[in-house]
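S.K.: Below you will find the structure I want to go over with you.
The values are calculated or read from the model by the stated rules, or taken from the named source; none is laboratory data. Bear in mind the structure is a predicted one, so any value in this text is a computation, not a measurement. Because the Cβ atoms are built from the backbone with ideal geometry, glycine has one as well, and the counts that use them run over all protein chains shown. Just the protein is used for accessible areas: all its heavy atoms, side chains included, with ligands, DNA and RNA removed. Shrake-Rupley method; radii C 1.70, N 1.55, O 1.52, S 1.80 Å.
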Amino acid sequence: MNIKKKLILMGICVGIILVIFTVNVIRRLNMGDKKDIEEKAVKENVITKAEAYRLLSFLEYDKAAREALPIGIKYSEATMSGWYDSYVNAVWKMGLIEVDIEITPKETLTYGECKGLIDKLIIKNPDLQAAYADLSFDFVNSEEEMLIQEFLEVYEAILSLIPEEKSLLKEETLFVLQRELTEEGKDRIVTDLGRYYYENAKNYETLIENLRQQTAESNSLVQGETVPRNDSTDRLRSTSLTGEDFNEKYINHAIKVLVCDKEIVYLSRVTTEKITIHNVWIKQGEDLLVETYINGVDKAFNAQNRLSTNIEKVVGDISIEDGRVVGISVKPDLIHGKVLLSGEDYIEVEGYGKVFLEEDYKIYKLYDELSMEETNSILVGYETTDFVVSAGKISAALIRESIKAENIRVLLHTSNYKDIYHDNLKFTVNTDFTVTYADKEDSYKKGDTITVKPGDELFMEGRIKITPSTEKGRIELLSVERSTGNPKYRGSIEISEGEQGLLVVNELSLEEYLYAVIPSEMPTYYGLEALKVQAVCARSYAYRHLLANSLSSFGAHVDDSVSYQVYNNIEENEDSILAVKDTYGKVAEYAGEVITAYYFSTSCGHTTDVESVWANGVATPYLSGRLMAVEDSEDVATQSLSNSIYKNLSKEENFRSFIMDREFATYDSGFNWYRWNVKIAAKDIKKNIDKKLAGRYNANPELIKTLTSGSEKDGDATYESIPVDTVGNIVDISASKRDTGGIISELLIVGTKNTIKVQTEYNIRVLLSPISTTVYRLDESGVDDLSLLPSAFFVIDTNKGEDGLDNIVLYGGGYGHGVGMSQNGVKSLADEGKKYDEIVNYFYKGTKLGFIYE
């Protein structure tokens, strides 16, 4: 072979070697890239601690409860700055993680860490032990990172073991109407089932789909086999739900989601299946266009087929598939009548009896601007509403006109206001009268006496109504005692059979109702001008409660006790009638709205803010506290050398000086309840607390909190709302918080067994009620057997003996809650010559007189 051929052959061999080398290099590089991609996919498919904690927190806390939790978690950096902070805090409260913790948004969860969390959860709730059964993977206690899909498998196993009635979580199918921002700038969506927040929510659609398929495959495998870990599937990722997602992908579609109250936990599926939206207000339907109003959103849909008949302003069910209307079922039947009672699942309509509500019952306000009412309560006593009925149930209520608040319905108590349920009712009328029941009407003569008892055959078809034959008729309840004897009532009386006895409702005009409120709430000898002030306030108060409809389940707007306004405990008289007539229809208004005109008997010389008294009180300009100095001005220093401190009575030393000052003149300082004092033995306080503490806790657990760790002395005290019925022997009592005017809004009671913080003036007055001792007033006259402390405006002196606290002495002022108008202050202002409109504006700053009738 010649040299030339040898060189050519050698070149070919070298070329082949180079090609093989290059291919191997490329192959190795590709394998490395693939490995990197797979590792990246695995990393993206593992669950973070933050997300795991978020999901676990929903097992015990909804959004409101979680955000209301006091911060207990302590990061090693002593800061909380991540989106996950409230979830971490909640999981710590659940006892699943330690106090001292530090995590980052991307820090992942290992199998071992997850098993530790679930084990602690099972210890808390043994019913969850089966959560580990039938998993598609081996749940080993390792340091390997856990896949999101596998965590979801465990999570769903836990959810399946929690009884439905106990679970905060449920699956819903929501038809997305639009995305909106709240006034606070929070994102949420409007759906056929209401409004839902989705901050921090995830899209687990592909993960949940794969999990379902894997579960199905696992069920078909031979027992003992396992499904391989699919951790390199690039599509199995979670993403955060965003506003853009809803704008671009989900509007006019149905989504399947896991929700906790009104918060989306995660999205599991987008569906094109047919969905039916019930009891929609159909504005118009013509040809291929259907215009609707759903949950406050105007929404137009294209129909799949032309409508056979034009429709307008009706209620119906619409079926939507792939964004188009494929069916409409109109509900044309209407009933109309006075609403006698509005219950949770039925409405009693005069002439129709109790008619039950559909599950998707809606309320539409048709007058002025079309809107929807969120509440399921319809105002009783009026005929302004039509009811759409289908298959014997109410599908929707159509409110066609605004309320003219002319009549009010009052729930009447038994003697001494002990109960709302009467064992029997005996009555007579001073004119001829009728008794109506079912579709029958029996006539009776003046003075005839009738007794009605539970189980009476008259109740077989509903309620009984007593109506005098003339406007001068008064119905006298012979089985009820008030301060002036048997009460007599204007208007009509309705009697129905309740769960525990007879319920009695008096319906009459709002103005006539006030005739008997005024003398029951204010002495009529206070004079006409003062009575006019009371009339305006009582009318405003009654009007607001009438519209609030808070006693609709009993067929009433208010009751006749101190829970609302005392009515007919003292009979109407000429002065009270004249005061009502002279202020006919007049109410106090703020920014065009009728105010909630809170009032009370006597101030300590300073009123307080509404939010300082009621747990749900919202700061309101016209219900803010003020110093009631006689010569009220910006500078009251001429009255007392020390009075400048009286402008800030939330300081303990300032309030003590004020409450002990007998010289400083205010509009209430001439009345007996202006100042009072009482000595209460520690043993009596203990007895009272042991009797009432559990009841106050059960009424609102958030207002009674118990010391669980730390101490006040060291400044690290932690208080939690836990069941408590005693504090043991009393060690100490002090005001831990004062608000405007010096009112105690938080009382600290230290006992041998528990230390508690008691919130709100009512709870404080209940637990320190001077039942076994005498309260001495300004003139040193004594009052016994008070079931409540006169007010929460007081200072405390403690007297300790050899065995601990012996007694406390309270020096206080005022009678009542202290918000709004002092009735005795009204008398002083009226005596000075002030007119009723001036006095109303003095107590409710910034208000004007308005008129509620057309």
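S.K.: Using only the Cα atoms, what convex hull volume per residue in Å³ does the chain have? List each step's numbers first, then the result.
M.R.: Values: hull volume 235.2 nm³, N = 854.
It comes to 275 Å³ per residue, whole-number rounded.
S.K.: Next question. For the range 298-358, which trypsin sites (Lys or Arg not before Pro) pass both filters: DSSP loop (anything but H, G, I, E, B) and at most 14 other C-beta atoms within 10 Å? Could the numbers behind the result be given before it?
M.R.: Details: sites: K299, R306, K313, R324, K338, K354; in loops: R306, K338.
Counting only loop positions with at most 14 other Cβ atoms within 10 Å, the trypsin sites (Lys or Arg not before Pro) in the range 298-358 are R306.
S.K.: Once you have a ≥ b ≥ c as the square roots of the Cα gyration tensor eigenvalues for the range 659-818, tell me rounded if a/c is under 1.5, and otherwise prolate or oblate according to whether a/b is larger than b/c. Don't skip to the answer; put the middle values down first.
M.R.: Values: a/c = 1.78, a/b = 1.60, b/c = 1.11.
In terms of gyration-tensor shape, prolate.
S.K.: Which FRET efficiency value, to the nearest 0.05, is calculated for L849 and S772 with the Förster distance at 41 angstrom and r the Cβ-Cβ distance? The partial results should precede the final answer.
M.R.: Details: r = 46 Å, r/R0 = 1.13.
Step by step, r from the Cβ atoms, then E = 0.35.
S.K.: Something else: Could you work out the helix-only [θ] at 222 nm for the chain, with each DSSP H run of four or more residues adding -39,500 (n - 2.57) and the total divided by the number of residues, to the nearest 500 deg cm²/dmol?
M.R.: Working: 15 runs with 204 residues, N = 854.
About -7500 deg cm²/dmol.
S.K.: Under a 1.4 Å probe, what is the accessible area of the chain per residue, stated in Å²? Working shown, then result.
M.R.: Details: 41090 Å² over 854 residues.
Ligands and nucleic acids excluded, the result is 48 Å² per residue.
S.K.: Continuing with the same structure: For the chain, what is the charge dipole size about the Cα centre, in debye to the nearest 20, if Lys and Arg each add +1 at the Cβ and Asp and Glu each add -1 at the Cβ?
M.R.: Numbers: 94 positive and 138 negative charges, 299 e Å.
Around 1440 debye, computed over the chain.
S.K.: Would you mind finding the longest exposed-site-free stretch of the chain, with exposed chymotrypsin sites (Phe, Trp or Tyr not before Pro) meaning DSSP loop and at most 13 other Cβ atoms within 10 Å?
M.R.: Numbers: sites that count: W83, Y367, Y584, Y853.
Between exposed loop sites, the widest span is 84-366.
S.K.: Just flag the trypsin sites (Lys or Arg not before Pro) in the range 425-465 sitting in loop per DSSP whose Cβ has no more than 16 other Cβ atoms within 10 Å.
M.R.: For trypsin sites (Lys or Arg not before Pro) across the range 425-465 that sit outside H, G, I, E and B with at most 16 neighbouring Cβ atoms in 10 Å, the list reads K445, K446.
S.K.: What distance in nm lies between label points placed 7 Å from Cα along the C-beta direction at A615 and T449?
M.R.: Those two pseudo-labels are separated by 4.6 nm.
S.K.: Relative to the longest principal axis of the C-alpha atoms of the chain, give the angle of the C-alpha long axis of helix 528-548, reported between 0 and 90° and rounded to the nearest 10°.
M.R.: 30
S.K.: Considering only DSSP states other than H, G, I, E and B, which trypsin sites (Lys or Arg not before Pro) in the range 89-187 qualify as loop sites with at most 11 other Cβ atoms within 10 Å? Spell out each step's value before the answer.
M.R.: Details: sites: K93, K106, K115, K120, K124, K166, K170, R179, K186; in loops: K106, K166, K186.
Those satisfying the criteria are K106, K166, K186.
S.K.: Okay, next question. What is the sum of charges around G485, taking Lys and Arg as +1, Asp and Glu as -1, for the other residues whose C-beta is under 12 Å from the C-beta of G485? Show your work: numbers first, answer last.
M.R.: Working: positive: R482, K488; negative: E476, E481, E571.
With Lys, Arg at +1 and Asp, Glu at -1, the neighbours total -1.
S.K.: How tilted is helix 682-699 with respect to the longest principal axis of the chain? Cα atoms for both, answer in degrees (0 to 90, nearest 10).
M.R.: Between helix and principal axis, roughly 60 degrees.
S.K.: A further question follows. Once you have the Cα-Cα distance between K647 and D187, take 0.36 nm times their residue separation minus that, and quote the gain in nm to one decimal.
M.R.: 161.4 nm
S.K.: When the Karplus curve 6.51 cos²θ - 1.76 cosθ + 1.60 is applied with θ = phi - 60°, which whole-Hz ³J(HN,Hα) does each residue of the range 423-432 get, with x for Gly and Pro?
M.R.: Using θ = phi - 60°, the values come out as 5, 7, 9, 10, 8, 8, 9, 7, 9, 4 Hz.
S.K.: Could I ask something else about it? When a/c is below 1.5 the answer is rounded, else prolate if a/b is larger than b/c, else oblate, so apply that to the range 315-443 with a ≥ b ≥ c taken from the square roots of the Cα gyration tensor eigenvalues.
M.R.: Working: a/c = 2.42, a/b = 2.27, b/c = 1.07.
Cα axes put the range 315-443 in the prolate bin.
S.K.: Still on this structure: Past 30 Å, Cα to Cα: identify those pairs from K362/K692; K115/K256; K647/K835, in the order given. Write down the numbers at each step before the final one.
M.R.: Working: K362/K692 41 Å; K115/K256 28 Å; K647/K835 27 Å.
K362/K692, as the Cα separations exceed 30 Å there.
S.K.: Ignoring ligands, DNA and RNA, what percent of the accessible area of the chain is carbon or sulfur (1.4 Å)? Show your work: numbers first, answer last.
M.R.: Working: 19570 of 41090 Å².
Result for the chain: 48 percent of the exposed heavy-atom area is carbon or sulfur.
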